[in-house]
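Below is one structure, written out as structure tokens, with a few remarks after it.
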Amino acid sequence: MTAKTTFKPVEVPSFDVPSLLDVTSTEDPCANGTVGNGAEDSWPDMSLTILKGCVLGSIIATAVFGNLLVMVSVMRHRKLRIITNYFVVSLALADMLVAMFAMTFNASVQLTGKWLFGYFMCDVWNSLDVYFSTSSILHLMCISVDRYYAIVKPLKYPINMTKRVVAFMLLACWILPAIISFPPIFCGLYTTDENSLHRHKHPELCEFKVNQIYAILSSSISFWIPCTIMTVTYFAIFREANRQEKQMHSRMGNAMLLSHRPSKDLNNLNGELNSGGSSKTLTLNEINTDHLHTPTKDKHMMKMKREHKAARTLSIIMGTFILCWLPFFLWYVITALCKTCPCPDIVIAILFWIGYTNSALNPLIYAYFNRDFREAFKNTLQCAFCSLCRREPSDLEALDFRRPSLRYDLV
């Protein structure tokens, strides 16, 4: 995320203690009806604050513990230690840090109505928010590139996606976001002179009003360019995946026909094949269909299914990301370019938290759409909440043998 909404200080709901004591004094409680009405009017505000705190707290807790579960599960289970999941673990770390250092400060502003941590910490919050959000987006872009080579160019995948290349890509995901976060914000290059003076006069406000140049550059690096790359790569991935799926089902259908063909039809077929003069005929027992199900081909089939499953799961993550962050970045660019386009603070807050929710949704997507992650989560939670659990991490390879069908899916 690359911007902060303008928060205006509002009065925190509170009870007037002396007034409440006056109600219970010897005076007639009906003599001053405004006291009771003021106390009653404060209850809806208090209830709204409590409800808001529960909702925001649940989003933060889901993002922190969900992404932590992703990292622990990948480290504990050998089958999940593949190159793609290196990006997934790093993405989970970025999402968890968004929840810890961006959502928490934003929640405090939403609940209290003002910034409580001073001028310097406002810049720290803005910088960390931009940094971790951009890092999360770049991780999704790298994942799409990884899946592109795995599905569309599988022969080049072991050559191009080595551990050294992956390490370089991960390093770039954590270093490049710093260019558009810490230097521009701490040097004041991101905002206008008017807003800078206003912030010094009102340290209780944490406004992040950006100038047009920073809005275009930061949104392009943080969202528009990565989103375009992800869209192009996943379009090519789905086209290739559908082609391979049709080819796989066609081969399976041919294998089923040959393995269940009656001996009479086979003998007729052999007679046609040997009509050129050969007297040799083949019987059903002499037809060998074992080559259709060799261990090498079965292993290749399972690997293809696993790649398709990972690609589809991660494409759902990408689609969720676009739905969560596209409204915010549209507002971000439009309001920066159009000075006469006001937007209510409640709408801005909703756009921010819809984007924040994306960091909490990724672990839920893994658990719902990917069986390997679902089994790993279950095993990790069982060992985490059972103090007597002494068993080793479950072998997720057994999942392949529990699937009687060669149809690839996400569950």
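The values are calculated or read from the model by the stated rules, or taken from the named source; none is laboratory data. All of these numbers come straight from a predicted model, not from anything done at the bench. Cβ sites come from the backbone with ideal geometry, for glycine too, and all protein chains shown count toward neighbours. Ligands, DNA and RNA are stripped out before the accessible areas are found, and what is left, the full protein with its side chains, is counted by its heavy atoms. Shrake-Rupley method; radii C 1.70, N 1.55, O 1.52, S 1.80 Å.
Ignoring everything but the protein chains, give the 1.4 Å probe accessible area of Glu194 in square angstrom, nearest 10.
140 Å²
Ignoring ligands, DNA and RNA, please state the percent of accessible area on region 56-99 from carbon and sulfur, probe 1.4 Å.
Roughly 76 percent, rounded to a whole number.
Please report the relative contact order for region 167-229, taking Cα pairs under 8 Å with a sequence separation of at least 6, and give it as a percent rounded to a whole number.
29 percent
Compute, for Phe168, the solvent-accessible surface of its heavy atoms (probe 1.4 Å) with the complete set of protein chains present, and express it in square angstrom to the nearest 10.
It works out to around 150 Å².
If amide hydrogens are placed 1.01 Å from N in the peptide plane, which non-local residues have theirs closer than 5 Å to the one on Asn211?
Thr191, Thr192
Using a probe of 1.4 angstrom, how much of the accessible area of region 340-379 is carbon and sulfur, in percent?
Of the solvent-accessible surface of region 340-379, carbon and sulfur hold 73 percent.
Using the Cα centre of region 97-188 as origin and beta-carbon charges of +1 (Lys, Arg) and -1 (Asp, Glu), tell me which of Leu116, Met103, Ile143 is placed farthest towards the positive end of the dipole.
Ile143
No solvent, one uniform scatterer per C-alpha: report log10 I(q)/I(0) for region 136-202 via the Debye equation at q = 0.19, 0.22, 0.24 1/Å, two decimals.
-0.78, -0.92, -1.00
Can you tell me how much longer the chain between Asp193 and Trp174 gets when fully stretched, taken as 0.36 nm per residue apart minus their C-alpha distance, in nm with one decimal?
Gain on stretching Asp193 to Trp174: 3.8 nm.
Arranged from highest to lowest average of other beta-carbon atoms within 10 Å per residue, in what order do the peptides 66-72, 216-222 appear?
66-72, 216-222
Could you give the length gained on full extension between Ala167 and Arg374, defined as 0.36 nm per residue of separation minus the Cα-Cα distance, in nm?
Gain on extension, Ala167 to Arg374, equals 71.9 nm.
PRE reach from Asn211 (point 7 Å along Cα→Cβ): which of region 161-188 fall under 13 Å by backbone N?
184-185, 187-188
Please go through the residue pairs Lys52/Lys339; Lys156/Lys378; Lys52/Lys378; Lys114/Lys201; Lys114/Lys339; Lys52/Lys114 and name each one whose alpha carbons sit more than 26 Å apart in this structure.
Lys52/Lys339; Lys156/Lys378; Lys52/Lys378
Would you mind working out the accessible area per residue for region 90-218, using a 1.4 Å probe, and quoting it in Å²?
In whole numbers, region 90-218 has 44 Å² accessible per residue.
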